[in-house]
Amino acid sequence: MEQRNAPEVRIELWDEGDLDLLRQLNSPEMTVHFGGPETEEKILARHKRYYEIAQNGTGKMFKILLLPHLEVVGSVGYWDQTWKEESIFEIGWSVLSEYQGRGIATEATAKAIASIRSEKKKHKFIHAFPKTKNPASNAICRKLGFSYIGECDFEYPIGTTIRCNDWRLAVEEN
């Protein structure tokens with residue numbers, strides 16, 4: 001979805017060299033909506049999942065690059081998930097604090113949605129689950145045309161239940 005003065009971003013597949021970005025995204029201020037930072041062991045495991053997900057055919061994780069200087073400013077990705085007994089894509093994003101509020105996450109997420117739509121139609125819907133108290137991420141869902149389904153309990157990270165909004169977008173455009 002276009003917005004005026006939208007930043008130009010590029011998304012590139014996550015690779016083994018992106019561990020430092022994941023550590024930056026794991027800071028206390030960046031994980032306030034996710035139950036706080038993970039241990040180094042969990043970060044290393046997450047990093048491995050991120051760069052192997054495309055190879056496994058279960059989704060894609062990307063780093064977000066801000067043009068024209070190719071600054072690495074965050075991540076966006078999607079993965080297979082089962083939600084209410086339905087196979088879906090779950091999508092999520094995170095932009096480093098100093099780059100927030102510029103529309104970067106919206107632009108990068110739109111590119112990730114385009115990536116889903118360019119693939120073989122594996123699932124009917126894409127869902128996002130921002131925390132109910134995360135106005136910025138909920139606004140991104142509205143801007144990108146997701147339909148609000150309602151509040152729900154969601155487990156993230158594993159073992160921690162958080163209150164989220166369930167947003168849904170059809171993979172096939174109308």
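Values for this structure:
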{"item": "All positions within the range 15-28 that are under 17 Å from the mean Cα position of the chain (by Cα) and either farther than 21 Å from Phe154 by Cα or assigned to a loop (DSSP other than H, G, I, E, B) (or both)", "result": "Asp15, Asp18, Leu19, Leu21, Leu22, Arg23, Gln24, Asn26, Ser27"}
{"item": "Residues of the range 118-136 classified as of a type outside the set (S, T, N, Q), under 17 Å from Glu172 (Cβ atoms) and either part of a loop (DSSP other than H, G, I, E, B) or modelled with pLDDT under 95 (or both), total", "result": "6"}
{"item": "Test: residue in the range 143-159 that is assigned to a helix (DSSP H, G or I), at pLDDT 95 or above and of a type outside the set (Val, Ile, Thr)", "result": "yes"}
{"item": "Test: residue in the range 120-132 that is aliphatic (A, V, I, L, M) and more than 14 Å from the chain's Cα centre (by Cα)", "result": "no"}
{"item": "Residues satisfying the stated conditions in the range 139-165, i.e. touching a residue at least 60 places away in the same chain (Cβ under 8 Å) and either closer than 21 Å to Ala105 by Cβ or surrounded by 15 or more Cβ atoms within 10 Å (Cβ to Cβ) (or both)", "result": "Lys143, Leu144, Gly145, Tyr156, Pro157, Ile162"}
{"item": "Residues of the range 48-104 satisfying the condition of being in a strand (DSSP E or B), within 16 Å of the chain's Cα centre (by Cα) and of a type in the set (S, T, N, Q)", "result": "Ser75, Gln81, Ser94"}
{"item": "Residue match in the range 105-114 (condition: surrounded by 15 or more Cβ atoms within 10 Å (Cβ to Cβ) and more than 12 Å from the chain's Cα centre (by Cα))", "result": "no"}
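Residues checked against (1) of a type in the set (S, T, N, Q); (2) touching a residue at least 24 places away in the same chain (Cβ under 8 Å):
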{"site": "Glu52", "(1), (2)": "no, no"}
{"site": "Gly74", "(1), (2)": "no, yes"}
{"site": "Ser87", "(1), (2)": "yes, yes"}
{"site": "Ser115", "(1), (2)": "yes, yes"}
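The values are calculated or read from the model by the stated rules, or taken from the named source; none is laboratory data. Remember, predicted model here, so these are calculated numbers, not experimental data. All Cβ positions, glycine included, derive from the backbone under ideal geometry; neighbour counts span all protein chains shown.
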